[in-house]
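Structure, as structure tokens:
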Amino acid sequence: MIAKQLISNLIPPLKTSDTGEQAISWMQEFNVNHLPIVNNEQFLGLISEDDILDMSDLFAPIGNYSLSLFRPFVKEGMHIYEVIKIACDLQLTIIPVVDKAEVFLGVITLQSLVNYFGTLNGIKDNGGILVLELNKSDYSLSEIGRIVESNNTLVLSSYVSSSSDSTKIEVTLKLNVSDLKHVIATFERFEYTILASYQEAEYNDQLKDRFDSLMNYLNV
């Protein structure tokens, strides 16, 4: 998946002739804290809610002000992993997408990223969740996959998390079966530590609650 495939056409760009009042209205309508400003299809930068509230006259054109515009963007062919990293690092509510000539193509919204992340991690697929803890030096994805597959089970997705002040890592596995007892028994036989396991029904209930909470947050 690349950036241009996640572009949303719901959020229009501002022009320099638009007013601060118009910008605030659109931010409230689309639940974002930033909007792109475009001049003849060229991306000028992002304007934030704070930038607008600092204006002395909200009904004056934005172009009347000398703005030091924040100018983050991603190129249309950039991989979605890089898009997510930029959005997180810069705390953006939208991510502008441009072509090679920096012509504005549109924006990627947080909701688009959330929806993609859901499919990326197999959230929509049936199955169970298993969380392992092991030493960083012992981590082998091929061995973990072999153990899972020895139980006629597939890994739909995996995620590794770690802390810089620990020698341990957590490996979260989404599997294609909801009954995990045989997989768990095999991991325990190989002396893996099982931190947690979630059967399909309880996992889906928790996931729905968390997803609903996230959607409510994004709509604030």
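The values are calculated or read from the model by the stated rules, or taken from the named source; none is laboratory data. For clarity, every value in this text was computed on a predicted model and none was experimentally measured. We place every Cβ from the backbone using ideal geometry, glycine too, and count neighbours over all the protein chains shown.
Tell me the residue from L69, L58, L53, L92 that is in contact (Cβ under 8 Å) with a residue 40 or more places away in the chain and hydrophobic (A, V, I, L, M, F, W, C), please.
After ruling out the rest, the residue left standing is L92.
Could you run through region 135-162 and say how many residues are out of contact with any helix residue (DSSP H, G or I) (no Cβ under 9 Å at 6 or more places or on another chain), under 20 Å from E188 (Cβ atoms) and either among the basic types (K, R) or buried (at least 17 other Cβ atoms within 10 Å of the Cβ) (or both)?
1
Condition first: within 14 Å of E143 (Cβ to Cβ) and free of Cβ contacts under 8 Å to residues at least 40 places away in the same chain. Now tell me which residues in region 172-194 satisfy that.
T186, R189, E191
Does L10 satisfy the criteria of being closer than 25 Å to Q111 by Cβ and either in contact with a His (Cβ under 6 Å, 6 or more places away or on another chain) or part of a strand (DSSP E or B) (or both)?
no
Just a yes or no: is a residue in region 31-41 assigned by TED's automatic domain parsing to the domain that holds V103, of a type in the set (D, E, K, R) and not in a loop (DSSP other than H, G, I, E, B)?
Within region 31-41, not a single residue is assigned by TED's automatic domain parsing to the domain that holds V103, of a type in the set (D, E, K, R) and not in a loop (DSSP other than H, G, I, E, B).
Restricting to region 57-70, name every residue that is at pLDDT below 85 and part of a loop (DSSP other than H, G, I, E, B).
Y65, S66, L67, S68, L69
Identify all residues within region 126-172 that are aromatic (F, W, Y) and modelled with pLDDT under 90; write none if there are none.
Y159
Just need a number here: residues in region 1-23 that are surrounded by fewer than 16 Cβ atoms within 10 Å (Cβ to Cβ) and out of contact with any strand residue (DSSP E or B) (no Cβ under 8 Å at 6 or more places or on another chain).
Looking only at that region, the number is 3.
Among the listed residues G128, G45, G106, which satisfies the condition of being crowded, with 17+ Cβ neighbours inside 10 Å, within 30 Å of T186 (Cβ to Cβ) and within 24 Å of the chain's Cα centre (by Cα)?
Being crowded, with 17+ Cβ neighbours inside 10 Å, within 30 Å of T186 (Cβ to Cβ) and within 24 Å of the chain's Cα centre (by Cα) holds for just one of G128, G45, G106, which is G128.
Being within 25 Å of the chain's Cα centre (by Cα) and in contact (Cβ under 8 Å) with a residue 24 or more places away in the chain is true for just one of S150, S158, S197. Which residue is that?
S197
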